[in-house]
Every structure is written in structure tokens, then in C-alpha cells.
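One structure is given here, and the rest of the page talks about it.
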Amino acid sequence: MDSHPLFALGGRLRLCASMVREGAALADIGTDHGYLPIWLARRGLISRAVAADVRPGPLEKARGNIERYRVHSQVAARLSDGLNAVSPAEADDIVIAGMGGEMMIRIISEAPWLKDAGKHLILQPMTSAKELRVYLARQGFAIVREQAVVEDGRVYSVILARYSPESVSAGGLYPYIGGLDAENEDNRAYLRMKIRSLKKREAGLKRSGREAEAAAAGCLLSELNEMLEKRESNGNGR
Ligand SMILES: C[S@@+](CC[C@H](N)C(=O)[O-])C[C@H]1O[C@@H](n2cnc3c(N)ncnc32)[C@H](O)[C@@H]1O
């Protein structure tokens with residue numbers, strides 16, 4: 001039987017895919033449908049992959065898709081809570097996308113072998129991105145690259161991190177924007193979203209009389225606005 005023509009990945013998963021190193025052994029944790037490893041395998045961009053999920057239902061979906069797209073010799077579906085059923089040799093690059101940042105923190109903390117400069121973590125948190133960035137810095141993971149993407153009107157950020165305690169820098173805006181710059185429109189959309197939430201926080205702090213914290217939020221807001229203004233006065237890059 002011929003394999004089905006390959007589907008197109010949405011912008012969010014395409015950005016995750018773009019951070020996977022060519023030829024890598026991939027572990028996709030919380031794979032659900034399995035689209036990310038299937039897409040990478042069919043395009044010849046990875047050597048092999050484990051498509052892992054903690055729930056049997058999604059894993060069955062991934063298995064069906066692995067068969068449908070004929071990548072069973074490269075992609076193995078596996079029931080696993082986080083990385084518990086994945087060995088270090090099976091994963092150069094680890095993608096964890098589409099789940100909460102708190103769950104990602106748990107998954108990373110249960111796999112101490114990730115503290116290896118050769119391993120790349122590609123993380124796309126749906127919530128608690130700030131807590132995740134702070135956790136990464138405390139544990140010695142540096143953000144090598146971070147990039148935002150807008151899909152269906154929602155803005156997501158994808159973090160590429162690796163263990164490198166000597167290059168961690170975590171002050172100022174780091175918990176809010178990690179490695180994002182203001183160089184393209186999707187990143188700027190993320191920065192504007194942070195400005196809106198920090199403004200709300202600043203107003204709430206002022207209302208409850210927490211002047212010092214409100215002033216600190218005000219400083220962060222000025223820095224964020226400056227980043228955007230500097231970029232806008234230098235011309236509007238996409
Ligand atoms: C919303 S889906 C995201 C699917 C895909 N990664 C994406 O970004 O489109 C989240 C998946 O993570 C799985 N999941 C949640 N907690 C997990 C854990 N601790 N270990 C493995 N998978 C988990 C869920 O079962 C679900 O299939």
C-alpha cells in the first residue's frame with residue numbers, strides 16, 4: 001500500500017520542528033497524534049524518533065498515523081510518563097510541546113540525564129512560561145534560542161535550551177521573554193502580550209498599595225517598550 005501524501009504542519013509545530021537538529025534521534029514527549037516526529041521522519045530530517053505519550057488513547061492515534069504515513073521503521077510509539085520510558089541514547093533532541101509549563105518542569109526534573117550539554121530541549125509551554133524559564137535557569141539550562149509564532153490568532157513561544165550553567169543569564173526581563181528579541185512581527189506580538197499582562201499587574205499592585213513591586217513592574221514595562229520602540233524606529237523588519 002502506498003503511503004499517504006504528507007500533511008502540512010501548523011506554524012507552532014513547524015517552529016518546534018525547525019529547532020530539531022538534522023539527523024538527530026528525537027523524543028517527542030506528549031506526542032498525541034504523532035505529527036511532529038512523522039513529519040520530520042518523512043522529510044528525512046531525523047534518524048529516528050520515540051513518539052511518547054502518557055495516555056493510551058493518544059498513543060493509539062500516533063500508532064495509526066505512524067502506519068498511515070509509513071514511518072514505522074523510524075518512529076516508535078511508546079507509553080511513557082514524561083521521559084521515564086525513554087533512554088538517554090534514544091534522545092539527542094527532546095521536544096515537549098502543547099502542555100503546561102508546570103508539567104514540563106516535572107518531566108525535566110525526573111530526567112537528570114538531561115543535564116548534558118549534548119542534549120537539546122525544545123519546549124513550547126501553553127502556560128507558566130515564566131516559571132519554566134526561571135526553573136531552567138536555576139537548574140543550569142541556558143536558552144540558546146527562543147522564537148514566537150502566531151497561529152490562529154494565538155501567540156506561542158518555543159524555547160531551545162541546553163545544559164550550560166556557565167552561560168545562564170536570568171535577570172531583568174528574562175523570566176518574561178527569555179531569549180526573544182524584537183526582530184520579527186511574531187516576537188513583537190509576544191512582547192506586546194507581555195506588556196498588556198505587566199500593565200495589569202502593575203495596576204493591581206498599585207491598587208493594593210504595593211508600591212515597590214509596582215515600581216519594579218513599571219521598570220520592566222519601560223524596558224519592554226524601549227525594545228519595541230528601538231526596533232520600530234530602526235524600520236519594520238518581519
Ligand atoms: C495538547 S497535546 C499536545 C500534542 C502535541 N505535542 C502538540 O503540541 O500538538 C498534549 C499531550 O501531552 C500528553 N501528556 C500530558 N502529560 C504527559 C506526561 N507526563 N508524559 C507524556 N505525555 C503527557 C497528553 O496525553 C496529550 O496527548
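The values are calculated or read from the model by the stated rules, or taken from the named source; none is laboratory data. All values reported here derive from a predicted model rather than from experimental measurement. Virtual Cβ from ideal backbone geometry, glycine too; neighbours counted across all protein chains shown. Note: areas computed on protein heavy atoms with side chains; ligands, DNA, RNA excluded. Shrake-Rupley method; radii C 1.70, N 1.55, O 1.52, S 1.80 Å.
Structure summary
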item	result
Pairwise FRET efficiency - S169 versus R196, Cβ, R0 = 35 Å, nearest 0.05	0.85
For the stretch 185-233, convex hull volume per residue from C-alpha positions, Å³	51 Å³
Accessible area expressed per residue, the chain, with surrounding protein chains retained (probe 1.4 Å, Å²)	47 Å²
Gyration tensor (Cα) of the chain, equivalent ellipsoid semi-axes in angstrom	35, 20, 16
The stretch 69-136 - Rg (one decimal) and Dmax (whole number), Cα, Å	12.8, 40
Over 31 Å (Cα to Cα) - which of K200/K230; K130/K230; K61/K194 fall in this group	K61/K194
Nearest 10 degrees, 0 to 90: helix 129-138 Cα axis against the chain principal axis	90 degrees
Packing-based order for 196-205, 16-25, 131-140, using average beta carbon neighbours within 10 Å, highest first	131-140, 16-25, 196-205
Paramagnetic reach from S18 in the stretch 93-108 [backbone N under 18 Å; point 7 Å along Cα→Cβ]	95-98
Sequence ranges 207-220, 52-65, ranked by mean other-Cβ count within 10 angstrom, highest first	52-65, 207-220
Pairwise label distance in nanometres, V150 with M126, each label 7 Å out on the Cα-Cβ vector	2.2 nm
GNM result for the chain, Cα springs below 10 Å: residue of L160, L173, L191 fluctuating most strongly	L173
Contact order relative to length of the stretch 126-238, as percent, for alpha carbon pairs under 8 angstrom and 6 or more apart	23 percent
Cα centroid of the stretch 53-109 to Cα centroid of the stretch 162-238, whole Å	33 Å
Estimated 222 nm signal from helices in the chain, with DSSP H stretches of n ≥ 4 weighted -39500 (n - 2.57), rounded to 500	-13000 deg cm²/dmol
Rel. contact order, % - alpha carbon contacts under 8 angstrom, at least six apart, the stretch 116-163	54 percent
Of all accessible heavy-atom area on the chain, the percent that carbon and sulfur account for (1.4 Å)	49 percent
Among P37, P88, P112, residue whose mean-square fluctuation peaks in a GNM of the chain (springs only between Cα atoms under 10 Å)	P112
FRET efficiency, 1/(1 + (r/R0)^6) with R0 45 Å, evaluated for K206 and K115 via beta carbons	0.65
Dmax and Rg, reported as Rg then Dmax, of the stretch 140-238 (C-alpha, Å)	14.8, 41
Value of relative contact order over the chain, rounded to a whole percent, pairs C-alpha under 8 Å and six or more apart	15 percent
